[in-house]
Amino acid sequence: MEKENVTLIFKETQDGRAAYSLPKTAIKKKDLLSEYKRKTPGLPEVSERQIAGHYQNLADLNFCPYSEMDPLGSCTMKYNPPLMEALASLPGFLDMHPYQDESTIQGALEVMYFLDLYLREIAGMAQFTLQPSAGAHGESTGIMIGGAYFTDKKEKRTKILAPDSSHGTNPASVTNLGFEYEQVNSNGQGWVDLEDLKKRMTENVAIFMLTNPNTYGLFDPNIDKIAEIIHRKGGLLYYDGANLNAIMGKCRPGDLGFDIVHINLHKTFGTPHAMGGPGAGPTGVVEKLKDFLPIPTVEKHGGKYTLNYSLEHTIGKVKAFYGNYSVLTKAFAYILMLGPEGLRRVSETAVVHANYMQEKLKKKGFKFPYGNQHCMHECVMKHENIDTLGHLLSEYFKKLQATIHFPEANCYMIEPTETESKESIDKYIEAMVEADKAIKDPTVMEELEKRKTFTPIRKINAKKGMARPCLIEKEEE
Amino acid sequence: MKDNISYIPTTKSDFSEMLLEIGVSKIDDLFEVIPQKMRLNRDLLLPSPLKTDLPLSEIELSGYMHEASAKNNSNYKYFLGAGCYNHYIPSIVDLFLKLPKFYTPYTPYKPETNQGTLQVMYEYQTMMCRLTGLEVSNASLYDGATAMVEAAKMASRLTGRNEILISKSIHPEYRHVFNTYFRYGDWKVIEVGISNGKTNLKELEQNISEQTAAVIIQSPNFFGIIEDMDHVARMAHKHLSLYISLVVEALSLALIKPTDFDADIVAGEAQSFGSHMSFGGPHLGFINCYSKHKSKLPGRVVTKTEDADGKTAYMLWGAAREQHISRNRATSNICSNHALNALAASIYLSWYGNKGLEELADLHNMQMAHYAYETIRKIHGYAATFTGNTFFNEFVVNCPHDVSALNKTLLEHSIVGGLDLGRFYPEYKNKMLFCITEKTNQNDIDELADILTYLNEKGLK
């Protein structure tokens, strides 16, 4: 499809145009800032009509998970119900100041109080903090809690372990907080290599970070043995909740032996990804770590909700105020809408969908290195020409590409989620089969390349982009 | 009655077909890998906040949420800022944030299918840099407090030093967050005291040294006062330290450009540009820097480039800085960011333009705040404090009452009064931090003054 580039909004500027509208005021202007007089910043000067056109045209360049299945493995791109957005946008939630008197924010605190209760039950933890803004932020919070716990016990532990297949945020969180990162090997089945873990798990290790199901989409059945290895040496087991969508109501991280858990509300609980965020990464802990949570926590006394700032061993604060409140509201509403049975069915359906894709693709000749096992909510395919496959899917089949080159090179990690229909899954599989045929047969490729393209641009010139960055538009003099 | 679960389209016959394809007889066969003793063999216990058990229907949920939101009263005149500002948000901002094509997509890893997002970010970066005077902007962080943490770590990587000086005139919650993070690793954080509402420059000079990676000063500071930025910059640069200018009320950028005062890095919070107060989040963290420092900048950054046909196109730049490529060597662990808030800022800034933003910042915030200051300080019992400084849209006055008791009484008049400074600075008991925005006009200020006068005569209950 031929699409014009959208003109940069700065180039639409015309002197004398403006969209804004402000009241008249009788205030007498004083010269307050003469010494600070700045040069005009070069913002666009456009009409409101132009703004509407500009952003609508930009939006149209995006592929949208509302129109296409977005099987981005590890990211849980499920359907985001408009209801949650409508409810979170009620003025009583959206226009409140965080320092308002407690008597005027009881509804907001009620939402936070119940969300904490729900997450505790779902994860099998003793208490949550709702402050972290994202999964990685939850990881930082969890690591700081673990660190404070060992400092309090006067134990010097400087290392944190995670599997080689972990999300990149795990090792980045570790080193950015001054801990030493050590990688634990996976065995040939995609599980943690227990012998390697035993070797590395010393009394100098504070935490082992793990996601289960792991990034191969597999549930590691040795989780009881893993927990024992970690706990025997006095360490803590951290649950990266990125893949929680597979196990809600089936098992709980707390019952699997985890001590700290973060949950990505923007994955499992259906809040939108919004081009990268805001999300929310509430972090839960077991009983012995409760006192280390960030402040404030929300409590209920005599029918009144209050913010509690006095936790004996609190690590402090990880964000100003209380968290990404409107994201919390959406997740809370989602849980109320689904209830216990609904959440279990979410996970069951997500797992059935992923296994269906894996089996069907296997039968079509695609290779699944770990496909001798049932997967959980996502499956990992391997393909020699994965970049081309992903690109063809978008360009000629209007499909969103799944996660590529993760957890290993040439992998294609597919997560259909529970909100896609069987028909849309089947269509995605068909597109994969056709794209694969084109890769294998030059005449099919030639035919394909005659078709209309769906992406507004052809393949990006990444080499040029990386080597010659142009990160802002220079002002025209 | 329907028997499927909301948002799940899969029917009974779909399930049968899929299980057949998979080769299992029932769903639970797929979960057998979970050790028996660790399975949850009961329903989750999720207590309902109302009398109806979960799940709720859309009608019930909507009814309940309307009730819960009505328990929050937001129908006030706000004279409260302190890091979260009650600015008017143009309707066009909220409308475009809800477009599914902006609202639902993932981080734009694949440029070909995310050109809209990428161009929005490129334009956002440009607008922020034109406001701060710098050359590179990331495409958002969580909030101002975490941006301050990231900026300090960035400065440490650039200088190879591990000592950070922060002023006590920085937002107390930001310092709280900062001190929380910097307990981990080999750091030295020195807090510099306050003198007459501003950073004590003598104390700053005594503490700055060849070990100092960065000096972080908020301006306008927590009390709304514009700091002596050029002095701070000169001191920092004398020791080859970086000067990080922290901006929490981003609207001040319309009038004050931090690079005019030699800031090396500008970090902070841009909630004022189109994000709702939203009970404290999500807001919009940002860091801007010079091009020579960009390899240490955390967060997503978008570059303009071309596609295979030479057509202008946009993509993420510098993935080597980021966690998904560099893992333990990444400049930050940030993955999810606040892209939607950055979109809000772009639309907001386009709507106001240069003239509008200046009029908003000058006339409806700064000038109006000075009108309020002159009005309130003249009320019997109230007194000016931290005098001789220049402030933006927040100011401090001494009150004749206990501030929290005064605020409780003001609530009865549907007014949210200023912040009780004693909450964060015990030495500033009986001082109130007022904030004036375009949502509080001259009449509102006069009305507040009348009530304060009345309460001073009659006394609080």
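Computed values, structure above
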| item | result |
| --- | --- |
| A:R458, sole failed condition from (1) touching a His at 6+ places or on another chain (Cβ under 7 Å); (2) surrounded by fewer than 23 Cβ atoms within 10 Å (Cβ to Cβ) | (1) |
| Those residues of region A:443-471 which are assigned to a loop (DSSP other than H, G, I, E, B) and among the aliphatic types (A, V, I, L, M), in sequence order | A:I457, A:L471 |
| Where B:T305 falls short, out of the listed (1) in contact with a strand residue (DSSP E or B) (Cβ under 9 Å, 6 or more places away or on another chain); (2) crowded, with 21+ Cβ neighbours inside 10 Å; (3) in contact (Cβ under 8 Å) with a residue 40 or more places away in the chain | (3) |
| Qualifying residue in region A:18-34 (condition: closer than 30 Å to B:N72 by Cα, in contact with a Phe, Trp or Tyr (Cβ under 8 Å, 6 or more places away or on another chain), facing chain B (nearest Cβ under 8 Å) and of a type in the set (A, V, I, L, M, F, W, C)) | no |
| Count of residues meeting criterion [touching a residue at least 40 places away in the same chain (Cβ under 8 Å) and part of a loop (DSSP other than H, G, I, E, B)] in region B:409-435 | 5 |
| A:K319 being crowded, with 24+ Cβ neighbours inside 10 Å and assigned to a loop (DSSP other than H, G, I, E, B) | yes |
| Flag if A:P132 is without any contact (Cβ under 8 Å) to a residue 60 or more places away in the chain and within 11 Å of chain B (Cβ to nearest Cβ) | no |
| Residue within region A:309-322 that is more than 9 Å from every other protein chain (Cβ to nearest Cβ), in contact with a Pro (Cβ under 9 Å, 6 or more places away or on another chain) and not hydroxyl-bearing (S, T, Y) present | yes |
| Top-ranked residue of region A:168-194 - restricted to ones that are within 8 Å of chain B (Cβ to nearest Cβ) and part of a loop (DSSP other than H, G, I, E, B), ranked as nearest to the chain's Cα centre (by Cα) | A:G168 |
| One residue from B:E412, B:E457, B:E427, B:E438 being within 24 Å of B:F392 (Cβ to Cβ) and surrounded by fewer than 17 Cβ atoms within 10 Å (Cβ to Cβ) | B:E427 |
| Single residue of region B:223-272 satisfying the filter (of a type in the set (F, W, Y) and within 27 Å of B:L360 (Cβ to Cβ)) that is surrounded by the most Cβ atoms within 10 Å (Cβ to Cβ) | B:F223 |
| Unique match (being more than 22 Å from the chain's Cα centre (by Cα) and either within 11 Å of chain B (Cβ to nearest Cβ) or small (G, A, S) (or both)) among A:G235, A:G277, A:G254 | A:G235 |
| Selected residue [in contact with a helix residue (DSSP H, G or I) (Cβ under 6 Å, 6 or more places away or on another chain), part of a helix (DSSP H, G or I) and facing another protein chain (nearest Cβ under 9 Å)] from A:Y113, A:Y118 | A:Y118 |
| Meets criteria (among the aromatic types (F, W, Y), at negative phi and not in a loop (DSSP other than H, G, I, E, B)) for A:Y238 | yes |
| Some residue of region B:67-90 being surrounded by fewer than 22 Cβ atoms within 10 Å (Cβ to Cβ), small (G, A, S) and at pLDDT 95 or above | no |
| Some residue of region A:461-470 being facing another protein chain (nearest Cβ under 9 Å) and touching a residue at least 40 places away in the same chain (Cβ under 8 Å) | no |
| Residue list for region A:50-91, restricted to those being at the interface with another protein chain (Cβ under 7 Å from one of its Cβ atoms), without any contact (Cβ under 8 Å) to a residue 60 or more places away in the chain, hydrophobic (A, V, I, L, M, F, W, C) and not in a loop (DSSP other than H, G, I, E, B) | A:I51, A:A52, A:L58, A:A59 |
| Every residue from region B:44-81 that is aliphatic (A, V, I, L, M), facing chain A (nearest Cβ under 7 Å) and over 17 Å from A:I105 (Cβ atoms) | B:L44, B:L45, B:L46, B:L54, B:L56, B:L61 |
| Of residues in region A:95-109 being surrounded by fewer than 21 Cβ atoms within 10 Å (Cβ to Cβ) and in contact (Cβ under 8 Å) with a residue 60 or more places away in the chain, the one farthest from the other protein chains (Cβ to nearest Cβ) | A:E102 |
| Total residues in region A:251-266, condition in a loop (DSSP other than H, G, I, E, B) and more than 23 Å from A:T158 (Cα to Cα) | 6 |
| First in region B:234-258 and among the aromatic types (F, W, Y), second anywhere and part of a strand (DSSP E or B) and modelled with pLDDT of 95 or more, Cβ under 9 Å, 6 or more apart | B:Y243/B:A214; B:Y243/B:V215; B:Y243/B:I216; B:Y243/B:I217; B:Y243/B:I265 |
| In region B:294-320, residue farthest from B:Q125 (Cα to Cα) [restricted to those that are in a helix (DSSP H, G or I) and over 23 Å from the mean Cα position of the chain (by Cα)] | B:A320 |
| Candidates A:M275, A:M248 - the one that is in a helix (DSSP H, G or I) and either more than 30 Å from B:N138 (Cβ to Cβ) or outside the structural domain of A:M376 (by TED's automatic domain parsing) (or both) | A:M275 |
| Qualifying residue in region A:368-387 (condition: within 9 Å of another protein chain (Cβ to nearest Cβ), acidic (D, E), within 23 Å of A:K267 (Cβ to Cβ) and touching a residue at least 60 places away in the same chain (Cβ under 8 Å)) | no |
| Selected residue (only one of B:E438, B:E374 is assigned to a loop (DSSP other than H, G, I, E, B), within 30 Å of A:K39 (Cα to Cα) and charged (D, E, K, R)) | B:E438 |
| Per-region count, region B:269-294, residues free of Cβ contacts under 8 Å to residues at least 60 places away in the same chain and hydroxyl-bearing (S, T, Y) | 1 |
| Only one of B:P35, B:P47 that is of a type outside the set (D, E, K, R), touching a helix residue (DSSP H, G or I) at 6+ places or on another chain (Cβ under 6 Å) and surrounded by fewer than 21 Cβ atoms within 10 Å (Cβ to Cβ) | B:P35 |
| Region A:287-343, residues that are touching a strand residue (DSSP E or B) at 6+ places or on another chain (Cβ under 7 Å) and over 30 Å from A:T151 (Cα atoms) | A:Y305 |
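This table checks each residue for (1) assigned to a helix (DSSP H, G or I); (2) within 11 Å of chain A (Cβ to nearest Cβ); (3) closer than 24 Å to B:E438 by Cα.
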residue	(1), (2), (3)
B:E227	no, no, yes
B:R234	yes, no, no
B:L240	no, no, no
B:L246	no, no, yes
B:S252	yes, yes, yes
B:H283	no, yes, yes
B:K292	yes, no, no
B:I325	yes, yes, no
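The values are calculated or read from the model by the stated rules, or taken from the named source; none is laboratory data. As the structure is a prediction and not an experimental result, all values here were calculated from the model. Glycine gets a Cβ as well: all are built from the backbone with ideal geometry, and neighbour counts include every protein chain shown.
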